[in-house]
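The structure appears right after this line, and notes come after that.
Read-outs throughout are calculated quantities, based only on the coordinates presented, and are distinct from any laboratory measurement. Note that the coordinates shown come from a computational prediction; the quantities given were computed from them, not determined experimentally. Positions of Cβ are backbone-derived with ideal geometry, glycine not excepted, and every protein chain shown enters the neighbour counts.
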Amino acid sequence: MQQVVAGLASGSIYASLALALVLIHRATGVINFAQGEMATLSTYVAWSLMTNHGWSYWPAFVATLAISFLGGAVVHQGIIRPNEKGSVLRVVIVTIGLLLFINGLIILIWGGEIRAMESPFPTRTIEIAGVAISIQDIGTIGVVLATVVALWLLFQYTKIGLAMRAAAVNPTEARLVGVRVTWMLTFGWGLAAVLGAVAGMLAAPSLFLDPNLMAALLIYAFASAVLGGIDSPIGAVVGGLILGVGLNLIGTYVDFVGADLRLPVALAVILIVLLVKPSGIFGRSEVRRV
Amino acid sequence: MSKKIALALFALVLTLALGATAALAGVGRTAADPGVSDREIVIGATTPLSGPFSSVSSVTIGASAYFKHVSANGGVNGRKITFKYLDDQYDPAKTVQLTRQLVEQEKVFAIFNTIGTEHNLAIRDYLNASKVPQVFAASGSTTLGRDAAQYPSAIGFQPSYQAEGWVYGKYLARTRPGAKVAVLFQDDDYGKDLLGGLKRGLQRSKVKVVAAEPYSATSADVQSQVAKLKASGADTFAIFAVGKFAIQAYVYANKFGWRPKLVINNIVSSASNVMAIASEGGTNKVVPASISGVFLKDPTDPKWRNDAGVKLYRQILKRYAPGANANDPYHMYGMAAAYTFVEALKKTGKTPTREALVKAVASLNITKNPFMIPGIFIKTGPNDRFPIEQMLLQRWQKNSWRSFGGLWGYRSA
Amino acid sequence: MRLGRAAAPIIAFVVLGVVVAVVPSFVSAFRAQQLAYVGIYLVALIGLNVLTGYTGQISLGHGAFMAVGGYTTAILMSDHGVKDVWTIPLAALVAGVGGFLFGIPALRLSGLYLALATFAIAVSMPAVIKRFESFTGGGSGINLFGTPELTASLTPVTILGQELVFNDWLYYLSWTVALIGYVIAWLLLRGRTGRAFRAVRDSETAAQSSGVSLPRYKTLAFGVSAAYAGAAGSLFAIATTFVNPDTFPIALSILLLVGVVVGGLGSLVGLIAGAVFIQFLPIWSQEISQSPGAPSVVSGLVLIALMFVLPMGVAGLVGRLRLLTRRGYHRADSQAD
């Protein structure tokens, strides 16, 4: 049972990064390989504000979100947009280049050692029926769910959300009705960067801050997003939680698997799910018009 | 112009360009051994400057700073020491390629302090066949010292992991009979050596290893392993894990409400800043029960605040590695190894040869390495290829390590 | 006219062959070894080009197929005493079968999902290797240096009257495999298979409606590209004389894709340039700065810059040069073969 709870906790962290990936894909149709590194960079910025400049948590948090938004927008305008007209591969390569660049930059500026990160939630643990649950984990799950709700509201009920969806699904027609497609994409990247920053700041207190904080999580986040449906925020969360719990249970109860094979087995399971339902649990099937 | 002819011309141009660069890349030195000239000695290493293990490259930075310091102060027998290091991203395949580059293109005198166990083992045969000394490899793998007969010019530096585990085992056997030990270990040579050593130290004792959980360095976290270890009912927790995972081990043990009576942390991850982070601002109840081994002076230990060796260390870093974080103990490791190399080099006489270096390295007797704990000496001999075979035990008390008891010595098998 | 069109590529290819044969006499032995690795990456890129350039499927997992080939070679050499050269086709076969088998379930995935699936293979491979330790030597890997099955690692080998040291031997071995591999690919792609591949790339629906069997050609493309990666992996193991799970990291898979894109899909010039890029980028990045993290920063910047400056890769640049020098009608699609 402890494993399940632990799994929910790690799963919610996967989910938070998965949300950023989903948003980018939903808003712009690409997968950003550098999403994790951008999130790590944001977290370092927050850390630096708090440690080197003495800011307290919430001001640093807000400032970091703002900086991340700007960062994401600048990346899109400066680096991604010129390559959008080319093949998907070009964008993939550019995001890989961005990954290398940011990862190196973090090491260059702050060095590779591990650091502790403050958490917005108290680190107490409570015990329910013999299972230890930390308040921080509850808080993380809460934030993730709140984010999902916020995103849903954004997409369903606001003008900007509608415009973003239009821009992603059919840019040409969207332009015809007056949607400023490029700005929507830029907005999408900025928002995804904000989500990434939130993910980083949720993960860092328990996983500790080092340059590889998010890199290790990226594959889990991808898997969660794909499992849940790459365009569905709810799917990202559900996918993440299932993945987190599943990994722990498989690792504990299936002996063949042991420590090493947990991730491969989980990925295999996901792939099988995809074969059965290619768009993931909550995804919508793509209809290709001939 | 057909595309294929353009292709051939391109290849030709490329070839000539590469050939020209090769020709300009340097003429061989006119000296007894490669890497030695009248004014300088060139040595090389590979280290992870990028990628997930880049924090370990601080070892190389520390060593490099020390060599610059020595070179600025006259060098060894009038020769300055040029230390060339290359980024292998912790990938042994790159280690092999780059080491070959150092030997065949940069023509180094010796390979010094290359980082990583598998990495050193991957290049050992090649260096042995090319008769290039592989000195003070940055790895605690036991095979480095044990296989001296087959690899006479390869030697490690730090206490071997097996020996370290053995010390912990003997300590437990002596002080806590009836204890039940649960072990978290990394599933590679480093973790397995520590575990193996622990078990050997516990032979014929009343202490048992009741659970051992491996984790892979590519895992995201070790929550489920720690949960399993707690469920085993053990009262002693051995953490044979690196940095981030060691911290997680403490944190999760605390979170799950496990209160082992004794926690053994291993040398590689018992740096004070790691312990400080694991303490979670003092709220972690598992950390205070920790002991560990040590052989270097930890720059953050208040005990050494006014120590001449640590002061020298800080000065050297400040001057020759500006921007390096002096509280990172990996730098100390590199400096200690560099110091040892310089002492060995001094013994090779007016014109150093590789053979002389190997002889010097096989007959070390250094008692005053300023970066190591006093009393621990560096000694090698015809039947002993383990330079450091002593360590102290230390206990974590009130936010710092305090050593206790006497030096533990061991014969590395 | 037809004969003339076929003659020019063949002549150029022969010229290339001569150049390749002659290069080691002009460069240092160490440089020859570096060029050997270029040849190795070229083998892998030729295969990846078939998959990505011709059928349009993106793979982030070809490092794993290299691992399969590399380990096949290492195990055959160390446990079964097979001489290194003979393991190469076997490694290619094993990897090819693996790729083909992977291609079957992968049929249902496309684009992003396929990329993830291949990424999953690459990430899982080190773990799987470690799990079957008794077979693969686990984390400690398999060491081949100095074993009798490995040619020339200790003493030079004599071929055709020439004495070759290890570095030169590796160079000739890998480039011979690369050139043979290129010819095979060229033959494969000239005919019906190539047209079918391109049809799949351009429009799966259209291809299907013209009777191109998607399953057959997509899995074939996977199998073929995996076989090339396997051969490359085999050569890689031979050249590095050591394999362990970390010698085929995820970075390798990513670099292979980068190489194919930077080089430019579809042309041999591009592929050679891509292989050169993969081999030398880490080395050049370090020469700029050695502060921890700096080489990565440089590599990243170079990649991003290249996509701006050479969006179609090096092959695109060569294509544009051709456009400039040629008068009259000329197919603007520099990727057409």
Report the equivalent ellipsoid semi-axes for segment C:16-168 in whole Å, largest first, defined as the square roots of five times the eigenvalues of the gyration tensor built from alpha carbon atoms. 31, 22, 12
In chain A, which helices (entire DSSP H runs) extend 18 Å or more along their own long axis, judged by Cα positions, while averaging at least 1.0 on the Kyte-Doolittle scale? A:2-28, A:57-75, A:88-110, A:135-157, A:181-207, A:213-228, A:233-253, A:262-276
For B:K261, the aspartates and glutamates lying under 16 Å Cα to Cα, once residues fewer than eight places off in the same chain are dropped, come out as B:D235
Zone of A:W58 (label point 7 Å along Cα→Cβ, backbone N under 17 Å): which residues in segment A:126-155? A:143
Estimated FRET transfer efficiency when R0 is 25 angstrom, pair B:D384-B:E40 (beta carbons, to 0.05): 0.20
I want to check the label-to-label distance for C:S291 and B:S130. Put each point 7 Å from Cα in the C-beta direction and report it in nm to one decimal. 3.1 nm
For segment A:153-187 the trypsin sites (Lys or Arg not before Pro) that pass both the DSSP coil test and the at-most-13 other-Cβ-within-10 Å test are A:R180
Taking a ≥ b ≥ c as the square roots of the eigenvalues of the Cα gyration tensor of the protein assembly as shown, is the shape rounded (a/c under 1.5), prolate (a/b larger than b/c) or oblate? oblate
Fewest to most Cβ atoms within 10 Å: A:M50, C:M307 sort as A:M50, C:M307
I want to check the label-to-label distance for B:R174 and C:F135. Put each point 7 Å from Cα in the C-beta direction and report it in nm to one decimal. 4.6 nm
With both bridge residues required to lie in the protein assembly as shown, what share of the DSSP beta bridges run antiparallel, to the nearest 5%? 45 percent
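What chymotrypsin sites (Phe, Trp or Tyr not before Pro) in segment C:124-166 are in a loop by DSSP, with at most 16 other Cβ atoms within 10 Å of the Cβ?
C:F132
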Tell me whether chain C comes out rounded, prolate or oblate; compute the Cα gyration tensor, take square roots of the eigenvalues as a ≥ b ≥ c, and use a/c under 1.5 as the rounded threshold. rounded
Given springs between every Cα pair under 10 Å in a Gaussian network model of chain C, which of C:G233, C:G47, C:G146 has the largest fluctuation? C:G146
If I model a spin label at B:A32 and C:R195 as a point 7 Å from the Cα along the Cα→Cβ vector, what separation in nanometres do I get? 7.3 nm
Within 10 Å of each Cβ of C:279-289, how many other protein chain Cβ atoms are there on average? 3
Segment B:384-392 - phi-based ³J(HN,Hα) in whole Hz, Karplus 6.51/-1.76/1.60, Gly and Pro as x: 9, 10, 10, x, 10, 10, 9, 8, 9
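Which of rounded, prolate or oblate describes chain A when judged by the alpha-carbon gyration tensor and an a/c cut-off of 1.5?
Note, shape of chain A comes out oblate.
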Let me check against my output: what whole-number percent is the relative contact order of segment B:106-214, with C-alpha pairs under 8 Å and at least 6 apart? 23 percent
Any chance you could give the angle, 0 to 90 degrees and rounded to 10, that helix B:189-201 forms with the longest Cα principal axis of chain B? 40 degrees
As a footprinting exposure proxy, order A:I31, C:I238 by other Cβ within 10 Å, with the fewest listed first. A:I31, C:I238
Taking every residue of B:267-274, the Cβ atoms of other protein chains inside 10 Å of its Cβ average out to 1
Neighbour-count ranking [beta-carbon atoms within 10 angstrom, fewest first] of B:D147, B:D38: B:D38, B:D147
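Taking only DSSP H segments of four or more residues, each worth -39500 (n - 2.57), what value at 222 nm results for chain B once the sum is divided by all its residues, to the nearest 500 deg cm²/dmol?
So the helix-based figure for chain B works out to -12000 deg cm²/dmol.
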Quick one: of B:K84/B:K347; A:K277/B:K255; B:K170/B:K192; B:K80/B:K303; B:K107/B:K346; B:K68/B:K311, which pairs are farther than 28 Å apart, Cα to Cα? A:K277/B:K255; B:K80/B:K303
